[in-house]
Each structure stands twice: as structure tokens, then as C-alpha cells.
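Have a look at the structure below, then the notes.
Computed from the coordinates by the stated procedures, all read-outs in this text should not be read as laboratory data. All values derive from a computational prediction rather than experimental measurement. Virtual Cβ from ideal backbone geometry, glycine too; neighbours counted across all protein chains shown.
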Amino acid sequence: NAGVTQTPKFQVLKTGQSMTLQCAQDMNHNSMYWYRQDPGMGLRLIYYSASEGTTDKGEVPNGYNVSRLNKREFSLRLESAAPSQTSVYFCASSLGGAGGNTIYFGEGSWLTVV
Amino acid sequence: AQTVTQSQPEMSVQEAETVTLSCTYDTSESDYYLFWYKQPPSRQMILVIRQEAYKQQNATENRFSVNFQKAAKSFSLKISDSQLGDAAMYFCAYRSRGSAGGTSYGKLTFGQGTILTVHP
């Protein structure tokens, strides 16, 4: 029952450093997503991938890049980390992108940029 | 753009009692989906219940039920026989029916969340 798996769970970065958050799902889902959650707020969409080979910007894409490596994996990269990117990051997936498909979330990755 | 509002930052309930969490949303769409997610201290996002806007019948999942009022754009969550394990942050979320390439495709819009405390 792995579902959506994210690594790492915790990371501390210095301003200007780069890093990649990895995500994999084993549910044979077509669509995958990256969200961020800031204190006192709900989740906001960073990028999504409707299907293998496609990616699109979400609500807050600035400062991030993504790669849909294959159907299972969707990574999020911070090229030059900034303190404003301190957040909890969630990867998620769904069978399809249409609204009727429930989105399933990973356990989150806590990122602190100092 | 759709917005979701949860007007109760915090709620509390006695174990075994019933509590209702409120959610309102704003949309011009007629077909959409609504969700309640639970987020315990572990931060895992757990789907509690979902409602399809075209269905008039309120969704129910064991002790969890919703009161969906489409005209009023209201979607409240009722938790019956509350248990200590129900303590968590609860998020209401909206999702358009969407279509590939559309601006709302894939986007789940969340409310600010309600922290639920369960007292023994």
C-alpha cells in the first residue's frame, strides 16, 4: 500500500542552493501534481502533469521546475532556493485530471531554507 | 476563479458528541466536485468524503456526512460520535469538472482549514 511516496521527508537548505524533491506513485495514475502548504493556509498547486510527457504551471510556479520522468515519477526542482520557499511540499496523483478523479497525496516533505 | 472559505479557524467537541464544520465556496460553474480532507499532525492529507455537485443526495461515509446546499454554495461536514482520532486540521476543497488544457484542469482549490480538537 505505498501509494504516493516522496523523498526526502525533511531538508534544510541554504539560500541559493538547489535541490530536487522526488515523487513516485504505484497506482498507475496518469496525472501527478506538486503542491505547497504554508502555515495557516491550504495547499496551493505549483505544477501538474496531466499525463506522461506533459507538464503545466499551476497557481504558484515561480522558482520551480518539474520533470515527468515516466508515468510513475514526477520530480520538483528548486534551482536557487529562497527563504520564501520554506514550506511543506506535497506530491499527489490521480487517475486522470478531470474533476471526478480523486487526488491522493503523499506524506509531505518539510523544506526549510535559511 | 473559484474560492473556498472556512470561517471557523478552530472547533472543539467532546468525545462521542457531534460537530459540524462549515465551508462555503464561490463558483460560476454548474458541475464540480467538493471534498473534505483530514490532515492529522503527521501532515498526511487523507480524503474523508467527496460530493458530486450534480448529485442531490448528500454523501455519507460511516460517521462522516455532508450537508450540500448547492444554491447556497455551502458544503458542511458533520462528524458523529466523535473520536479522539478525529482530532486534526480539516480542509474543504473544490475541484472543477475540468478538461485537458483548460485553466482549471487538475486544480484543487482549498479553504484555509479548521483545527478540530476532541476532548475526552
The extension gain from B:D81 to B:Q112, computed as 0.36 nm times the residue separation minus the Cα-Cα distance, is 8.7 nm
Per residue convex hull volume, Cα only, the range A:41-97, in Å³ is 88 Å³
In the range B:1-88, which chymotrypsin sites (Phe, Trp or Tyr not before Pro) are in a loop and have at most 12 other Cβ atoms within 10 Å, using DSSP for the loop call? B:Y54
Just to be sure I understand the curve: with the Debye formula and one point per C-alpha of the range A:1-98, what is log10 I(q)/I(0) at q = 0.11 Å⁻¹? -0.29
For the protein assembly as shown: lysine pairs with Cα atoms under 25 Å, gap of 8 or more or different chains, count? 19
In Å, the C-alpha Rg and Dmax of the protein assembly as shown are 17.6, 52
In the protein assembly as shown, taking the dipole from +1 charges on Lys and Arg beta carbons and -1 charges on Asp and Glu beta carbons about the Cα centre, the listed residue (A:N28, B:T109, B:T24) farthest towards the positive end is A:N28
Using 0.36 nm per residue, how much length does the chain from A:M19 to A:T112 gain when fully extended, once their Cα-Cα distance is taken away? 32.3 nm
Could you tell me how many cubic angstrom of Cα convex hull volume chain B has per residue? 100 Å³
Any idea how far apart A:V12 and B:N67 come out in nm if each label point goes 7 Å out from Cα toward Cβ? 4.8 nm
